[in-house]
Every structure is written in C-alpha cells, then in structure tokens.
Amino acid sequence: MNLLRRHPIAFVLIALVLLSALGPLPPLVDAVSGAPPADVDLVRPMLYTLLAPLSNVLDALTFLSLERAKALLLGWTAVLALWGLLRRGTPRRRLVVAALGPLAVVLLGVAAVVLPRPVPRLVAADSTLTVIDYHAHTAQSHDGRRGWTLADLAAWHAAQGFGASYVTDHNVVFNGGVDDPIRLLPGVEWSVYDQHIVALGAVAPVERGVYGRDTRAMLGLFGALHRQGAIGIASLPEYWRNHWAELDDFVAAGADGFEIVNCAPKAIGFPAAARAQVLEVAESHDLLVVGASDNHGWGKVTCVWNLSSPSAHGYRSNRVIARPIALAQGEWQPWTAACTQPWLMLAGLSWSERSSWLTWILVILIYRAVPRRAGDPGGIGILARSLSLKILRLRRPPPATG
C-alpha cells in the first residue's frame, strides 16, 4: 500500500494497459465494411515493439484531426501545468515542473512530425494485389517539407509496405519514371474552385483559372481530364467541407471517385455517417473509392493503405484498409481528445506492445522505488549500488565457528 501511495501514476498506467485489453481494437479495418481484414497483417518491427510506449504515443499524436490535436494540446498542457504547481517543493521547483510538463507535450508533437523511427508495415497475403497510395506530395508542393524528394517519398512508402504511389503535387505535374524502391506513378493535384481534384495518370498542364470561377466551372475539370486519358478523384476535406450538397453534381460531371479516408489533420476527421453516404453514391454509380496518405513529408506513419486489383474496375477495384484510431477521429468530439486519444491508443495495442508497456513501467517503478541513502543523488547508479551490495553479501564467507 505504501508503494501504491508513493507511485500512483505507475499503477494507474498498469491498470489502463490491462483494462484496455478487455475491449481491444483490431490493428486494421476495411474502411468500407468496418470489418478486420483477414488477408493482410500489420507487422511491427522489433525495435518498434521494444520502444512501444514511445512508438505508440508518437503514432497516436500523428493520427489526430486538427481540432482534436488542438484540444489534446490544451488539455494536457493545463493538466501537467496544474500538476506541477500542486506538487510538493519550493515555489521555484514547482514553477519549473509546471513549465516542463507542457514543454514535454509540445516536444512529443514535434517528434511525431520529424523524428526518424521504425514504423509498422502492411503485408498482404495475396501477391497479385498492389498496395498503393493514391495521393502523396514532395517538396514540389508549396506545403511540402523542404528537401522532401522523390527518393524520400519512395522510401517512406516502401518502409510501410506500399508497392506503388501516385505523386500528386499541388499544380505540378509528375510524369513518372521512378521504379525503385517502389514505383512512383504520374499524377497531379489541381487546386480549383473550393476543391482539390487528384488527377491520376499522364496529364498535361491545364489553365486553372478556367476551373476556378465557381462550382460549375470546377466540375468541368473532370471532363478535361478524361480527354487527356486521366481520371479525377474528389479529394478530402474539400468536397466534404465545401460541396457536400453537390455530390450528385460531381457524379454527373464525370468524377471517377472519391477519397473516403485521408490522413491529413484537416481531413482525418471525416465522420462515419458521411463516409457511408459517399459509399452509397459510389456503389450505385460504380465509382472508385480510395484512401490517401496525403503525405507532405511530415510525420512518419500512414493511417491508410489501398489494395488494388488490376483485374477489377470501379467500386470493386480497390479496398481501403485503415487504422481504427484514424477512423475514430470523426466519431469523438474534439474536447474529449485528451482522454479518448490515449484510450484509443491503448485499446489498439497488440499483446507484444502491451508486454513492452508493462515491462517499461515496472522497470521505471523498480528504479524509483529503490531505497536511497541520505545524500544519494538520483541516477541509475542507485540500481547498480543496490545490486552490488547484494552480490557482496552473497560472496561474503560465513563467520567462523568454533
């Protein structure tokens, strides 16, 4: 009981890691059916699992909608600042701790965006399927990460199990020609009136002003793409935010499909009810539905993959496989993010990840619980001293009798 009183956070974490296993989330779901796919697996590298507490936290921070990211930042900043102020110690020490807590949250957010680290990889059982991304960017886009090259983009995709990706920079045509380590396919993302349209295939530049006057003019771009031999996909979040009442007009204008999952913070909060409505429209008109990493060089993990079948067409030609924590972003109110995002993260752990969490918690707990002599400084040396004293006692010869 004394140990529980002295280290309540450790025991709360242990309880949460175990309780979240009672209602676990699958590692992957089919974004159309909502069911866990039986023919793909999410493979976690050994180092990823070994460092699971860090790996999982950085992933969870990556899979936040913009609104939920703001709420989580504000919530945890306030909680940690208050916790620091209420701790025992001098006023100076309490102020330092109150400042370090929020700073740690900010640093974790930065780490989620830029820190190199191992990432999970999708493995499909059917080798005839192509694991593909329909929407990704390089530094050629105005909002792409500086120095983010085609080679960087290809390596980012290859590490996560993709076999191909369209390169769809903003208003900059990519003509292909890269086949290693994965195939990079030609495309572009046209920014037109209140909408981004992802063009897939070899395309020529267009006069964007023609399609930037109003909704009717924008919809004309689909026909122009068809005349070039390319297809056009309506991108998230624009058709959801700006043209939701005009989905039928998109279909009539010749839209070839819709994004239903997009990992960008502005788009990842697409609600399930809205997704279901788009799926109904797409199925009834045999249109393509896709997922998009929308990677711009920021962040190390994707929330979605596509399994493309070269023998099928339209609605049945592509399966969208997503991380459940990403799909959940549209189902929870932003103000709940400080609580619900950690819970979603814990519910999605594999048992190997749970074991890693419990091991790290217990190691830190034991370290913190080792008795200190008066005047001992903190540090791992306390553990070494404790172990060395035990070894000396074992080696000490028994006292002579006689």
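The values are calculated or read from the model by the stated rules, or taken from the named source; none is laboratory data. Only a predicted model underlies this, so the values are computations on that prediction, with no experimental measurement involved. Backbone-built Cβ (ideal geometry, glycine too); neighbour counts: all protein chains shown.
What the table below lists for this structure:
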read-out: Enumerated helices (runs of 4 or more DSSP H) restricted to the stretch 199-258, each holding at least 3 residues that are surrounded by fewer than 19 Cβ atoms within 10 Å (Cβ to Cβ) and in the same structural domain as L287 (by TED's automatic domain parsing); value: 215-227, 247-253
read-out: Any hit, the stretch 328-348, residues being crowded, with 20+ Cβ neighbours inside 10 Å, farther than 28 Å from A71 by Cβ and polar (S, T, N, Q); value: no
read-out: Where V188 falls short, out of the listed (1) free of Cβ contacts under 8 Å to residues at least 24 places away in the same chain; (2) under 14 Å from Y134 (Cα atoms); (3) in a loop (DSSP other than H, G, I, E, B); value: (3)
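Results for (1) modelled with pLDDT of 95 or more; (2) closer than 21 Å to S293 by Cβ, shown as yes or no for each residue.
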| position | (1), (2) |
| --- | --- |
| L100 | no, no |
| V106 | no, no |
| V113 | no, yes |
| P116 | no, yes |
| V119 | yes, yes |
| A124 | yes, yes |
| L129 | no, yes |
| H135 | yes, yes |
| S141 | yes, yes |
